[in-house]
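The values are calculated or read from the model by the stated rules, or taken from the named source; none is laboratory data. A quick note: this is a predicted structure, and the numbers were derived from the prediction, not measured. Here the Cβ positions follow ideal geometry from the backbone for every residue, glycine too, while neighbour counts run over all protein chains shown.
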Amino acid sequence: MITQQKALLAYADEISRRPGERIEVKVSSTSADPFDLNIVRIRCGDDGPEGPGLKQTIVEANVNGSYPARFQETQVGSFARIDANASFSSNSYTAQALIWPTCPKIGDQVILSHWCATSQRGYALMIQDEKLAVKVGGDDGEVHTIVSDTPLIPQRWYLVAVTFDLDSSLLTLYQIIKESGPELDKRTSIVSASLESCITDVSADFLIAGCPDIDEENNQSVGQLYNGKIDSVRLTGASLTLASIQELICTPRHSALIAAWDFSQGISGDKVLDVSGNNYHGRTYNLPTRAVTGWRHDGSEMNWTHRPEHYGAIHFHDDDLYDAAWATDAHWTIPEDLQSGVYAFHLRQNSEEFYVPFYVRPHPGRPTARLCLLIPTASYYAYVNHHINVDWGSLNEHSSSCFTTLTQADLYLQMQNVFGLSMYDDHNDGSGVCYASRLRPMLRMGPHEELWQYNADSHITDWLEEKNISFDVITDDDLHTEGSSIIAGYECVMTGTHPEYYSLPMMEALLSYQGEGGRFIYMGGNGFYWRVAYSPEFPGAIEMRRAEDGMRSWVAKPGEYHLSFSGELSGLWSRCGIPPERVCGVGFSAQGFNFGRPYRRTPASHDPRCSWIFDGISENDPIGDFGLVFGGAAGSEIDSADIQNGTPSHALVIATADDFGADFHWVVEDYHHAHSAVNGETCPYVRCDMVFYETPNGGAVFSTGSIAFAGSLSHNNYDNNVSRLLENIVNRFLNADPI
Amino acid sequence: MSALDGDEAAAIKTAGVFSFLREFVSLMNNYTLTNTEMKIIDPARTDLAWEFRANPFGPHSAELQQVLSIMRWKENHGKYVLVETGTRNRWVLGRLPKRRGLRVEIFENLVFADYAEGLWHLFRLRWEEHTDRTLEEE
Ligand SMILES: [Fe+2]
């Protein structure tokens, strides 16, 4: 019997800790049975039929033990909240906003609410069955609703407002299209009704994009979440004329004005600022998308930092999830003598288990090894909880050249929204997901999972331990925060198999490290590809926009290429002036997910500058015609060298793999016109280059250019030419003598 | 909530935390192809089917590649897929629902002990859909 929902879920408050620091784990289960918790050190998670097997050791820790389980609620979906204030309940009132709804058909969605769920009093401006509506819970105990007489069209700007005039008892609903066009003119609607019941002293927050809800067990949440953009929210303690409502949009001044929330301010954070002078500030929850074009955007400016007034909108989604905000079930302080490395909380309950990964790094400036393994946490976050196997549909089958095959994780993701989405997914309304966070249960971040990212990287730790090469781990998060100083003390830095998502400080740290004589081993493919940002305002989250070019799962909207966190242009690093070729000598060239190929040596590999790399490797043997990831060392996502793109001119392509076949596809950013000579059978750029070059001050860079490479290391009990080649590199790179 | 069909109502009940009711919308990937819009696969070319049967993982001949490319254009709703069972060497047939939050239909009685066998089963289902003919095992 296949289960489609997972009972036991967990996540931690932190992911990278050093000795003396504390980490907390938060657990939720739909089963009341106790769960077991053990701290484990993970060497290898690949227990596939051919794999090295699960290799994890329990760490003796005072936190290990059995714990009672409980279910923890999760608020999914984004909204903004302004704390309750008596002045929000006015006898006469006008609540207004500009909206750009994305899916008006999907049921009740509240745009603005001042609503008490317990007493069912207050009002909510909302979408009901495609139409604008207002519900009013009056002092008479009844809920009155009026509805506009024409449906809202998706992705069009509307001015919407509700006014109530106590003297005339008139409730009016305005739905005014803000775009012109012969058909669009018919989309304006103004309806009124007489309402004898007024609202007084409603004790409720003011919510934007949702409405307070309460269930039978008195759990409070925000429901009826809205999908789409909202701009220029105004609240006035008087019933305004349409002319006054229109005027308030751009000039938020009126004697009865209560609040005017201006989302073009504070775009980088979670604050929602009231510019009325009354300072009824609020905040957003669950990271709705900011730095999106507002109703005023006219194409004159594409960067929100230059003209924030054109970016006065927030795009809310009913499936946004930044922080599950669960309570802590157990915590552990990292002991001083714990070796740096890959660890996890291993939770078990009945037949289920759950891994919550964390990394232990050394104290700053006190490396405990000469080699640093750089854990690509930013790229882990980007992929975590992806819905690719289901949601990509045909695209997934074309790209992988295989019929859809679902894993257990795919079934959970299909059924449980508590996991949120990934940067590879669309929101329910079709817009792309810009943010990813680790403050939620993360699937596929543990042993047994597919050989991609987390579990594929365990081939590297497995090999390092097998070869008795001691290493420290540093995560992307640390590199971003601390910069090059955190890796400066290491002779050599080695990446994971797919370090794809990089921030500017991370890129600069690697370049600076390389400039100071550091040795760098790029163990992956499609690395240093997307530009992301972290934010001190949103710990544990990253942001990215799939701008302009590249292999994109979704496409950013015009004018929305700049990151809300930082204002930086996002998209491909190759479009932002630091191509991957500058960091590792190669850049993404092709991908295919059914076969790997071996590399073969090039004539350049005999150059004495690099011939030592091949010590002990037979001259004509293919390198890596075996492996756990698609059967070859060069495969999955592969890179090639190109001086035009930024490969240093003295770089040596020491080995190459080609002959990839029709199922390997050239990357879209490299061809600028449509034609069909774009696969491994017809395109010479579908190629994987292994590269070596020296860097200043005795340093050097070695790049595999292949995600599959690490999957070949354990072949034949770690005795093979891929393993030997990497061993030659590591031994030399750990030797302090200048290269 | 009144317009729910049984399938949807059941899904919402079992999912619990799911509050949304929506069409599966996607900017890029929601290809809704009718049978008449699909490219034609020549039903006489059963030789290509046998080629796939013999070697489901490829590399494939150019003509088989073409057939597979056509087959892969397939909307999600109702699409047959393979599902890993968590037990080694055991896949089952599944069928995708309309959107997120709805259960993948699982055919527990259609078990494949070999991944290639599962892929062959999917191939036959899609062949049938495109050509209106059943592939008879030789
Ligand atoms: Fe990737």
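Of the residues that sit in region A:558-595 and are among the acidic types (Asp, Glu) and part of a loop (DSSP other than H, G, I, E, B), which one is nearest to A:ALA633 (Cα to Cα)?
A:GLU568
Sort out for me the helices (runs of 4 or more DSSP H) sitting completely within region A:395-507 that have 3 or more residues that are within 16 Å of the ligand (Cβ to nearest atom).
A:454-466
Report yes if some residue within region A:377-394 is away from the ligand (no atom under 16 Å from the Cβ) and over 19 Å from the mean Cα position of the chain (by Cα); otherwise report no.
Within region A:377-394, one or more residues are away from the ligand (no atom under 16 Å from the Cβ) and over 19 Å from the mean Cα position of the chain (by Cα).
State the number of residues belonging to region A:118-135 that are surrounded by fewer than 24 Cβ atoms within 10 Å (Cβ to Cβ), charged (D, E, K, R) and not in a loop (DSSP other than H, G, I, E, B).
Looking only at that region, the number is 2.
Having 2 or more residues that are not hydrophobic (A, V, I, L, M, F, W, C) is the bar; report the strands (runs of 3 or more DSSP E) wholly within region A:3-46 that clear it.
A:22-29, A:35-44
I need a count of the residues in region A:232-251 that are in contact with a Phe, Trp or Tyr (Cβ under 9 Å, 6 or more places away or on another chain) and within 17 Å of A:LEU273 (Cβ to Cβ).
Total satisfying the criteria: 5.
Would you mind stating whether A:TRP115 is over 20 Å from A:ASP231 (Cα atoms) and either within 14 Å of chain B (Cβ to nearest Cβ) or part of a strand (DSSP E or B) (or both)?
Details: over 20 Å from A:ASP231 (Cα atoms): yes; either within 14 Å of chain B (Cβ to nearest Cβ) or part of a strand (DSSP E or B) (or both): yes.
Judged against the criteria, A:TRP115 is a match.
Taking the criterion of being outside any loop (DSSP other than H, G, I, E, B), more than 16 Å from the ligand (Cβ to nearest atom) and out of contact with any helix residue (DSSP H, G or I) (no Cβ under 6 Å at 6 or more places or on another chain), would at least one residue in region A:524-532 satisfy it?
Just the residues of region A:524-532 that are outside any loop (DSSP other than H, G, I, E, B), to begin with: A:530-532.
From what's left, more than 16 Å from the ligand (Cβ to nearest atom): none.
Scanning region A:524-532 turns up no residue that is outside any loop (DSSP other than H, G, I, E, B), more than 16 Å from the ligand (Cβ to nearest atom) and out of contact with any helix residue (DSSP H, G or I) (no Cβ under 6 Å at 6 or more places or on another chain).
The rows are residues; the columns are (1) among the aliphatic types (A, V, I, L, M); (2) closer than 30 Å to A:THR284 by Cβ; (3) in contact with a Cys (Cβ under 9 Å, 6 or more places away or on another chain); (4) outside the structural domain of A:PRO558 (by TED's automatic domain parsing).
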| site | (1), (2), (3), (4) |
| --- | --- |
| A:HIS306 | no, yes, no, yes |
| A:LEU321 | yes, yes, no, yes |
| A:GLU352 | no, no, no, yes |
| A:PRO362 | no, no, no, no |
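Among the candidates A:ARG366, A:ARG283, single out the residue that is part of a strand (DSSP E or B), surrounded by fewer than 16 Cβ atoms within 10 Å (Cβ to Cβ) and either under 26 Å from the mean Cα position of the chain (by Cα) or among the charged types (D, E, K, R) (or both). If you could, list the steps in order and put the result at the bottom.
Details: A:ARG366 fails: part of a strand (DSSP E or B).
Testing whether each residue is part of a strand (DSSP E or B), surrounded by fewer than 16 Cβ atoms within 10 Å (Cβ to Cβ) and either under 26 Å from the mean Cα position of the chain (by Cα) or among the charged types (D, E, K, R) (or both) leaves just A:ARG283.
Would you check if B:GLU51 is part of a helix (DSSP H, G or I), surrounded by fewer than 20 Cβ atoms within 10 Å (Cβ to Cβ) and touching a Leu at 6+ places or on another chain (Cβ under 8 Å)?
yes
Can you give me the number of residues within region B:86-111 that are more than 8 Å from chain A (Cβ to nearest Cβ) and among the hydrophobic types (A, V, I, L, M, F, W, C)?
4
Search region A:373-386 for residues that are within 14 Å of chain B (Cβ to nearest Cβ) and pair each with any residue that is more than 10 Å from the ligand (Cβ to nearest atom) and polar (S, T, N, Q) when their beta-carbon atoms are under 6 Å apart and the residues are at least 6 apart or on different chains.
Partner pairs satisfying both residue conditions: A:ASN385/A:SER422; A:HIS386/A:SER422.
Does region A:585-593 contain at least one residue that is closer than 20 Å to A:LEU726 by Cβ, of a type in the set (A, V, I, L, M) and within 16 Å of the ligand (Cβ to nearest atom)?
First, pick out the residues of region A:585-593 that are closer than 20 Å to A:LEU726 by Cβ: A:585-586.
Add one more test, that the residue is of a type in the set (A, V, I, L, M), and what stays is A:586.
Okay, now just the ones that are also within 16 Å of the ligand (Cβ to nearest atom), so A:586.
The answer is yes, given that some residue of region A:585-593 is closer than 20 Å to A:LEU726 by Cβ, of a type in the set (A, V, I, L, M) and within 16 Å of the ligand (Cβ to nearest atom).
Condition test on A:ILE542, is it in the same structural domain as A:PRO364 (by TED's automatic domain parsing), within 16 Å of the ligand (Cβ to nearest atom) and among the aliphatic types (A, V, I, L, M)?
yes
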